[in-house]
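Laboratory data are not the source of any read-out in this text; all were calculated from the coordinates shown. This one's a predicted model, so the numbers in the text were calculated from it and none came from an experiment. Note: ideal-geometry Cβ built from the backbone for every residue, glycine included; neighbour counts use all protein chains shown.
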Amino acid sequence: MNPAAGDEILVHESRIQVPYRWSAGILGTRFFIALKERKFLATRCPACEKVYLPPVQHCGNCFAACEDRGGIGPQGSLVSFTQALYKSPAQPERNPLYGLIRLDGADTALLHLLGEASLNELKIGLRVEAVFAERPSGGLFDLRYFRPVR
Ligand SMILES: [Zn+2]
């Protein structure tokens, strides 16, 4: 039966969950395998020598095919930071601190959690180090967080 003219059309608000699979790709897979071994895989442009972490296949500056570059980190410097104050099931913890970290040997920064730190001690340029999971699983949280170097 069709609604008659003048009938109110009801609208129900809801949320849906959409299961999906995401491929890390060849380079991303190698990055996660290295992370599982507590190493950082970066790539380096042979033309301009820019070192990318996370790794990229082609340089964003000159489009040259990049090469593997090891020996990155595990310490680096804080480039920027923030704290998420809203509740969300997508947040890995309550009021997490996030940082952009440029690991030693890299020219780009990696976004990740900051741990064992408070917001008031964070500053641009702060030295931080990687803290790895005790039981790696092949994902981004094999790197638990970065903490200030004490
Ligand atoms: Zn380049």
### Query
Do any trypsin sites (Lys or Arg not before Pro) in segment 3-55 lie in a DSSP loop with no more than 13 other beta carbon atoms within 10 Å, and if so, which?
R15, R21
### Query
In which sequence would H12, H112 go, from the one with the fewest C-beta neighbours within 10 Å to the one with the most?
H12, H112
## Note on the structure
With Cα coordinates, the longest principal axis of the chain makes an angle with the long axis of helix 25-36, in degrees rounded to 10, of 70 degrees
### Longest segment of the chain lacking chymotrypsin sites (Phe, Trp or Tyr not before Pro) that sit in a DSSP loop with at most 14 other Cβ atoms within 10 Å
87-150
### Task
Can you put S137, S14, S77 in order of Cβ neighbours within 10 angstrom, beginning with the fewest?
S14, S137, S77
### Task
Return the distance in nm (one decimal) between the two label points of a simple spin-label model at S80 and A47, each offset 7 Å from Cα along Cα→Cβ.
2.6 nm
### Query
FRET efficiency for V149 and F63, Cβ-Cβ distance as r, R0 = 35 Å, nearest 0.05?
0.45
#### Entry: Antiparallel %, DSSP beta bridges [both residues in the chain], to 5
95 percent
### Summary
Farthest towards the positive end of the dipole of the chain, among A90, A47, P19 and with Cβ unit charges of +1 on Lys and Arg and -1 on Asp and Glu, lies the Cα of A47
### Cα-projected label distance for I9 with R38, points at 7 Å along beta-carbon direction, nm
6.0 nm
### Task
Grab the DSSP H runs of the chain that are 4 residues or longer, score each as -39,500 (n - 2.57), total them, divide by all residues and round the 222 nm result to the nearest 500 deg cm²/dmol.
-2500 deg cm²/dmol
### Query
Once amide H atoms are built 1.01 Å from N in the peptide plane, which residues 5 or more positions from L114, or in another chain, come under 5 Å H to H?
L97, Y98, G99, F146
### Summary
Any residue on another chain or 5+ positions along whose placed amide H is under 5 Å from the amide H of F81 is listed here as L100
## Note on the structure
Among trypsin sites (Lys or Arg not before Pro) in segment 53-148, those in a DSSP loop whose Cβ has at most 11 other Cβ atoms within 10 Å are K87, R94, K123
### Task
DSSP loop (so not H, G, I, E, B), at most 14 other Cβ within 10 Å: list which GluC sites (Glu not before Pro) in segment 21-91 pass both filters.
E37, E49
